[in-house]
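Visitor: The structure that follows is given in the form of C-alpha cells.
The values are calculated or read from the model by the stated rules, or taken from the named source; none is laboratory data. Bear in mind the structure is a predicted one, so any value in this text is a computation, not a measurement. Note: ideal-geometry Cβ built from the backbone for every residue, glycine included; neighbour counts use all protein chains shown. Each accessible area value is taken on the protein alone, full model and side chains, heavy atoms only, with ligands, DNA and RNA left out. Shrake-Rupley method; radii C 1.70, N 1.55, O 1.52, S 1.80 Å.
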Amino acid sequence: MTSTEKTPTLSPVADAPAAGASHEAEQAYFDALITEDSRVEPRDWMPEKYRKTLTRQVSQHAHSEIIGMQPEANWITRAPSLKRKTILMAKVQDEAGHGLYLYSAAETLGTPRHVLNEQLLEGRAKYSSIFNYPARTWADMGAIGWLVDGAAICNQVPLCRASYGPYGRAMVRICKEESFHQRQGWEILYELSHGTEAQKKMAQDAVNRFYGPALQMFGPPDADSPNSQQSMNWNIKRFSNDELRQRFVDMMVPQAEALGLTLPDPDIKWNEERGHYDYGPLDWDEFHSVIQGKGPCNVQRMQRRRAAHDEGAWVREAAAEYARKNAEQHAELMGA
Ligand code: BYC
C-alpha cells in the first residue's frame with residue numbers, strides 16, 4: 001500500500017450546477033462526484049451530514065496530532081544522544097505541522113479553527129485513544145514510532161484518496177512524514193533489541209505495552225462502528241476498521257520477527273485459508289474507558305494542552321496585532 005494508490009480524478013465529472021440551481025441538481029452533482037470517484041471541493045454543495053462527519057473526523061485527527069506531541073516531547077530532554085534528540089525534535093515538530101494542515105482542511109468545511117480548539121479544550125471533542133498512555137522509557141519512543149506511526153500510516157494512506165479534496169491532499173504530505181517517523185521508531189527498537197540484555201528487555205516491554213492500544217487506534221470492530229458504512233459510501237474511508245487492523249497485524253508480524261521481538265498475543269497464527277494472521281481478542285472495555293476520559297493519562301494530557309493554550313495567549317495577541325497593523329497600512333496605501 002503506497003500513497004500513489006489510485007487518486008480521485010481531479011477534474012469535475014460534469015459541469016457544476018450554476019449558482020441558484022435547484023437542490024435536486026446540487027444533490028445530483030454531489031452524487032456524481034462520489035460515484036465517479038472524483039473530488040468534492042470546498043466550493044461544491046455537499047449534504048450537511050457529509051460536512052458534519054468530515055468536520056468530526058478531520059478535527060479529531062487534528063486534535064490527535066497536537067495531543068500526540070506530548071508523550072514524545074516528554075523525552076526530548078532525556079534522549080540518549082544529540083542525534084536522537086534532534087530527530088525526536090524534528091518528529092514532534094512534524095506532528096504540529098500535521099495538526100496545522102488538518103485544522104486548515106477542517107476550516108474549509110466552515111467551522112473556524114478557534115471553535116474546533118474550544119471543543120477540544122472544553123473536553124467535547126475526541127482525540128486518538130493511544131495518546132492517553134504514558135511513555136515510560138526511551139524504548140517507548142521506538143514503540144510509538146514503530147507501532148503507533150505504523151498504525152497511523154496503515155490507516156492514513158487510504159485517506160490520501162478521501163473524497164474531500166483538502167483532506168486527501170493534506171494526507172499525502174502527512175503520510176510521507178509518517179513513513180520517516182515509523183523508520184525512526186524501527187531503528188530505535190532495532191538498536192535496543194540488538195544491544196544488551198537490559199536494552200532488549202526494555203524494547204520488549206515497550207512493545208508489550210503499546211501493541212494492544214495500537215490495534216485499538218483503528219477504532220471499534222466493524223459491527224460497533226456507527227460511522228464506517230456511511231463514510232465508506234462517501235469515499236471518505238476506503239476500508240473498514242477491521243480490514244485495516246488486519247492489514248496492520250499482517251504487516252507487523254514479519255517486522256517483529258526481523259526486530260527479534262515478539263508481539264504480546266499468543267493467538268497470532270498464520271491462517272492459510274484466509275491468507276492472513278489470526279489474532280486474539282482485544283480489550284474493548286479498556287478502549288471505551290479511555291475514550292470516555294478514564295485512561296491513564298487523559299487528565300494530564302488535557303491539563304497540559306490547556307496550560308499550553310494559556311501560555312500561548314501572547315503569541316495569538318501579537319499575531320492578531322501584526323495582522324491588524326498590516327491591514328491598516330494596506331488600507332492607507334490603497335487610499336493614498
Ligand atoms: N480513539 O464509527 P467509528 C497519529 C471514536 S494521529 C478515540 O469507527 P470513524 C499520530 C470515533 O471518533 C492518529 N476515539 O468512527 C499523531 C467515534 O466517535 P464519535 C489519529 C475513537 O470516524 C502524533 C466512535 O469512536 N488518526 O497517528 O468512522 C504522533 C465510533 O467509531 C477511536 C486519525 O484520526 C480512537 N482510536 O472511524 C504520532 C485518522 N476510534 O465521533 C502519531 C483519521 C474510534 O462518533 N480518522 N473512535 O463520537 C479515522 O480514520 C477514523 O476517524 C477512525 C474512526 C478510524 C479513527
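Visitor: What is the residue count in the range 142-167 for residues that are buried (at least 22 other Cβ atoms within 10 Å of the Cβ) and among the polar types (S, T, N, Q)?
Guide: 2
Visitor: State all residues of the range 23-52 that are open to solvent by 60 Å² or more (accessible area, probe 1.4 Å) and more than 30 Å from the chain's Cα centre (by Cα); if no residue qualifies, say none.
Guide: Of everything in the range 23-52, those that are open to solvent by 60 Å² or more (accessible area, probe 1.4 Å) and more than 30 Å from the chain's Cα centre (by Cα) turn out to be H23, E24.
Visitor: Condition first: open to solvent by 50 Å² or more (accessible area, probe 1.4 Å) and either free of Cβ contacts under 8 Å to residues at least 40 places away in the same chain or among the basic types (K, R) (or both). Now tell me which residues in the range 289-299 satisfy that. Even if it seems obvious, please write down each step before you answer.
Guide: If we filter the range 289-299 for residues that are open to solvent by 50 Å² or more (accessible area, probe 1.4 Å), which is where we start, we get 291-292, 294, 296, 299.
Of everything in the range 289-299, those that are open to solvent by 50 Å² or more (accessible area, probe 1.4 Å) and either free of Cβ contacts under 8 Å to residues at least 40 places away in the same chain or among the basic types (K, R) (or both) turn out to be Q292, K294, V299.
Visitor: For the range 39-51, give me the residue count where each residue is under 17 Å from P158 (Cβ atoms) and not in a loop (DSSP other than H, G, I, E, B). Outline the logic, then answer.
Guide: We begin by selecting, within the range 39-51, every residue under 17 Å from P158 (Cβ atoms); these are 39-40.
This time we only want the ones that are not in a loop (DSSP other than H, G, I, E, B), so: 40.
Final tally of qualifying residues: 1.
Visitor: In a helix (DSSP H, G or I) and either open to solvent by 60 Å² or more (accessible area, probe 1.4 Å) or among the basic types (K, R) (or both): is that true of D285 in this structure? Spell out the reasoning first.
Guide: Numbers: in a helix (DSSP H, G or I): yes; either open to solvent by 60 Å² or more (accessible area, probe 1.4 Å) or among the basic types (K, R) (or both): yes.
In short, yes.
Visitor: Could you figure out which of (1) more than 14 Å from the ligand (Cβ to nearest atom); (2) in contact (Cβ under 8 Å) with a residue 24 or more places away in the chain; (3) farther than 29 Å from V299 by Cβ; (4) assigned to a helix (DSSP H, G or I) isn't true of L54?
Guide: Every condition holds for L54 apart from (1).
Visitor: Hey, any hits in the range 188-211 for a residue that's closer than 19 Å to R247 by Cα, crowded, with 20+ Cβ neighbours inside 10 Å and out of contact with any Pro (no Cβ under 8 Å at 6 or more places or on another chain)?
Guide: yes
Visitor: Which numbered condition in (1) surrounded by 21 or more Cβ atoms within 10 Å (Cβ to Cβ); (2) more than 13 Å from the ligand (Cβ to nearest atom) is the only one that K83 fails?
Guide: For K83, the failing item is (1).
Visitor: So, one more: Is it fair to say A170 is farther than 24 Å from S231 by Cβ, crowded, with 21+ Cβ neighbours inside 10 Å, touching a residue at least 24 places away in the same chain (Cβ under 8 Å) and more than 9 Å from the ligand (Cβ to nearest atom)?
Guide: Values: farther than 24 Å from S231 by Cβ: no; crowded, with 21+ Cβ neighbours inside 10 Å: yes; touching a residue at least 24 places away in the same chain (Cβ under 8 Å): yes; more than 9 Å from the ligand (Cβ to nearest atom): yes.
Answer is no for this residue.
Visitor: Further, regarding this structure: Hey, any hits in the range 138-145 for a residue that's within 11 Å of the ligand (Cβ to nearest atom) and under 12 Å from the mean Cα position of the chain (by Cα)?
Guide: Scanning the range 138-145, I find no residue that is within 11 Å of the ligand (Cβ to nearest atom) and under 12 Å from the mean Cα position of the chain (by Cα), so the answer is no.
Visitor: Also, quick follow-up: Hey, could you check the range 103-126 for residues that are assigned to a loop (DSSP other than H, G, I, E, B) and open to solvent by 30 Å² or more (accessible area, probe 1.4 Å) and say which is nearest to the ligand (Cβ to nearest atom)?
Guide: Taking the range 103-126 and keeping what is assigned to a loop (DSSP other than H, G, I, E, B), we get 108-112, 122-126.
Remaining after also requiring open to solvent by 30 Å² or more (accessible area, probe 1.4 Å): 108, 110-112, 122-124, 126.
Details: T108: 17, G110: 18, T111: 14, P112: 19, E122: 15, G123: 13, R124: 10, K126: 4 Å.
Ranking the candidates gives K126 first.
Visitor: Okay, next question. What is the number of the single condition among (1) surrounded by 20 or more Cβ atoms within 10 Å (Cβ to Cβ); (2) more than 30 Å from I34 (Cβ to Cβ); (3) within 12 Å of the ligand (Cβ to nearest atom) that Q93 does not meet?
Guide: Failed condition: (1).
Visitor: Would you mention how many residues in the range 251-272 are charged (D, E, K, R), surrounded by fewer than 16 Cβ atoms within 10 Å (Cβ to Cβ) and in contact (Cβ under 8 Å) with a residue 12 or more places away in the chain? Can you show your working first?
Guide: Step one: filter the range 251-272 for residues charged (D, E, K, R), giving 257, 265, 267, 269, 272.
If we keep only those that are surrounded by fewer than 16 Cβ atoms within 10 Å (Cβ to Cβ) too, we end up with 257, 267, 269, 272.
From what is left, the residues that are in contact (Cβ under 8 Å) with a residue 12 or more places away in the chain are 267.
Number satisfying all stated conditions: 1.
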